[in-house]
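Take a look at the structure below.
Bear in mind that the values in this text are calculations on the coordinates, not laboratory data. Predicted model only: the values in this text are computed from it and were never measured. Neighbour counts are summed over all protein chains in view; Cβ atoms, including those assigned to glycine, are modelled from backbone coordinates with ideal geometry.
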Amino acid sequence: MMFESLQEHGFYIIDNVKSLSDALNLTEALGRILPLNGKDTQILQPKNKLSSNFKSLSYFYGFDSFPLHTDTTFWSIPARYIIFFLKEKVDTGTVLSKKSNSFDNKEICK
């Protein structure tokens, strides 16, 4: 089911994962984790312009909506899969575009 969703949509959503360790165990079937800056996982959190790295999306947009973008495009070989794990649900949403569709057909996840 996970592989079929990844192939068809480009993403797969799993609810009720209790810990980062559980999330990593679920993703082992996808392949080897490629570290970034020596770390297997990265923490993404909202930042204002003053506390952000220059040229990051947070630097330019702060807490406003980000434009549609692709993560890891700056890597020499971009990631095939990106796994997002939320410690707790929040009221904000993330726009995920199905890989086979145009920009006007988006899946909105909350």
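What the table below lists for this structure:
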read-out	value
The one condition in (1) exposed (fewer than 10 other Cβ atoms within 10 Å of the Cβ); (2) within 15 Å of the chain's Cα centre (by Cα) that Glu28 fails to fulfil	(2)
Those residues of region 1-25 which are in a loop (DSSP other than H, G, I, E, B) and either touching a residue at least 24 places away in the same chain (Cβ under 8 Å) or exposed (fewer than 12 other Cβ atoms within 10 Å of the Cβ) (or both), in sequence order	Met1, Gly10, Phe11, Ile13, Asp15, Asn16, Val17, Lys18, Ser19
Residue under evaluation Lys39, criteria (1) within 21 Å of Arg80 (Cβ to Cβ); (2) among the basic types (Lys, Arg); (3) surrounded by 13 or more Cβ atoms within 10 Å (Cβ to Cβ), criterion not met	(3)
